[in-house]
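Participant: Handing you a structure now.
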Amino acid sequence: MPDAYGGIIYVYAGKTLLINGDGALRLSAGNTTAFYLESGASAIIDGSAAVTVAAYDIVNAVGGGARTLAIGDAASLIIENPRTLGQSVTVTAYPSTSSAMWKLTDSATTGDPLTATSITVAIPAATTGTVAREPIPVAPTITSPNKLSVVAGTGGILLLTATGYPAPTWSLTGAPAGVSITGSTLTVASTVPAGTYTFSITASNGVEPDATQSFTLTVTKAGGGGNNNGDGKIPPMGDALNLLAPVALLMVSAASAFVASDWKKRH
């Protein structure tokens, strides 16, 4: 939605006006009303649209019946009150099944629960208030793996992830020197000696309880490899030749069978 400027919006009975997109719209209605809504009419601010209203009244209910001024989860309504007295407006979540909550900033206040579907917002005289939506805060739950294996002298990293809102901050308890967290990345320095380490990772976002994970870091010696024994050791050359001997024998046997078969055909 491009930035736009205008004055008054009139929505007829039973009709819906949808203001959508990612731009800004300013309604300067002066000493009159910004939204005239007839019976059953709706004005919906959705997407990430930011609508600023400077008016003596935000909504004028024309005639009887219900009408709705709704705000989507990423949209916002900025109310500039030019009055010498306060004014109020009732807003409804869009959609009505939204799991978000109301976020009031600047001078906007309400006596209703911020988790309610509809609230009445008050704006004091000659002030500006903002009405928006935000996710309901949820305690974190760590979803990233609880173990990591790296090679000594090389090091490694692991991206830490968690559910919940807002995004958490991360901390370590009992980690060896050389293990750190920057942002949401766990870093193991190349200087960490070979060995197995157990420590705790905690995610905190201000909503109790914090999430704590028992983490195991395995640092293996450099130069290791794989074999049939699963011990990470490279087999000696003699063992390697012994492994190749049955294959060589099989190749000789196959060649002998071919020669015998060819001799019979010739005689």
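Participant: What about residue 149, is it in contact (Cβ under 8 Å) with a residue 60 or more places away in the chain, assigned to a strand (DSSP E or B) and closer than 16 Å to residue 214 by Cα? Outline the logic, then answer.
Facilitator: Numbers: in contact (Cβ under 8 Å) with a residue 60 or more places away in the chain: yes; assigned to a strand (DSSP E or B): yes; closer than 16 Å to residue 214 by Cα: yes.
Yes; evaluated as a whole, the condition is true for this residue.
Participant: Please go through (1) modelled with pLDDT of 95 or more; (2) touching a Pro at 6+ places or on another chain (Cβ under 8 Å) for residue 165 and return the number of the only condition it doesn't satisfy.
Facilitator: (1)
Participant: So, in segment 152-169, exactly how many residues are in contact (Cβ under 8 Å) with a residue 40 or more places away in the chain and either exposed (fewer than 13 other Cβ atoms within 10 Å of the Cβ) or out of contact with any Leu (no Cβ under 7 Å at 6 or more places or on another chain) (or both)?
Facilitator: Residues in segment 152-169 being in contact (Cβ under 8 Å) with a residue 40 or more places away in the chain and either exposed (fewer than 13 other Cβ atoms within 10 Å of the Cβ) or out of contact with any Leu (no Cβ under 7 Å at 6 or more places or on another chain) (or both): 8 in total.
Participant: Let me ask something else about it. Run down 172, 114 and say which single residue is aliphatic (A, V, I, L, M), closer than 20 Å to residue 207 by Cβ and without any contact (Cβ under 8 Å) to a residue 40 or more places away in the chain. Don't jump to the end; show me each part of the working.
Facilitator: Values: 172 fails: closer than 20 Å to residue 207 by Cβ.
The match here is 114.
Participant: Of the numbered conditions (1) in contact (Cβ under 8 Å) with a residue 60 or more places away in the chain; (2) more than 17 Å from residue 123 (Cβ to Cβ); (3) among the aliphatic types (A, V, I, L, M), residue 71 fails exactly one; give the number of that condition.
Facilitator: Result: residue 71 passes all but (2).
Participant: Moving to a separate point now. Report yes if residue 139 is touching a residue at least 60 places away in the same chain (Cβ under 8 Å), of a type in the set (Gly, Ala, Ser), part of a strand (DSSP E or B) and surrounded by 14 or more Cβ atoms within 10 Å (Cβ to Cβ), otherwise no.
Facilitator: yes
Participant: Also: In the list 179, 192, which residue meets the criterion of being closer than 13 Å to residue 160 by Cβ and either modelled with pLDDT of 95 or more or exposed (fewer than 13 other Cβ atoms within 10 Å of the Cβ) (or both)? Don't jump to the end; show me each part of the working.
Facilitator: Working: 192 fails: closer than 13 Å to residue 160 by Cβ.
Selected residue: 179, the only one of 179, 192 that is closer than 13 Å to residue 160 by Cβ and either modelled with pLDDT of 95 or more or exposed (fewer than 13 other Cβ atoms within 10 Å of the Cβ) (or both).
Participant: Determine, yes or no, whether residue 96 is buried (at least 16 other Cβ atoms within 10 Å of the Cβ) and assigned to a loop (DSSP other than H, G, I, E, B).
Facilitator: Values: buried (at least 16 other Cβ atoms within 10 Å of the Cβ): no; assigned to a loop (DSSP other than H, G, I, E, B): yes.
Here the answer is no, as residue 96 does not meet what is asked.
Participant: May I ask you to verify whether residue 140 is of a type outside the set (Ser, Thr, Tyr) and either under 28 Å from the mean Cα position of the chain (by Cα) or at pLDDT below 95 (or both)? Steps first, answer last, please.
Facilitator: Working: of a type outside the set (Ser, Thr, Tyr): yes; either under 28 Å from the mean Cα position of the chain (by Cα) or at pLDDT below 95 (or both): yes.
Judged against the criteria, residue 140 is a match.
Participant: Got at least one residue in segment 76-83 being crowded, with 16+ Cβ neighbours inside 10 Å and more than 19 Å from residue 129 (Cβ to Cβ)?
Facilitator: Checked against the condition, which is being crowded, with 16+ Cβ neighbours inside 10 Å and more than 19 Å from residue 129 (Cβ to Cβ), segment 76-83 yields no hits at all.
Participant: Which members of segment 11-65 meet the condition of being of a type in the set (Ser, Thr, Tyr), exposed (fewer than 15 other Cβ atoms within 10 Å of the Cβ) and assigned to a strand (DSSP E or B)?
Facilitator: 16, 32
Participant: Could you say which residue among 69, 114 is part of a loop (DSSP other than H, G, I, E, B) and surrounded by 14 or more Cβ atoms within 10 Å (Cβ to Cβ)?
Facilitator: Values: 69 fails: part of a loop (DSSP other than H, G, I, E, B).
From the options 69, 114, the qualifying one is 114.
The values are calculated or read from the model by the stated rules, or taken from the named source; none is laboratory data. Because the structure is a prediction, the values reported are computed rather than measured. Backbone-built Cβ (ideal geometry, glycine too); neighbour counts: all protein chains shown.
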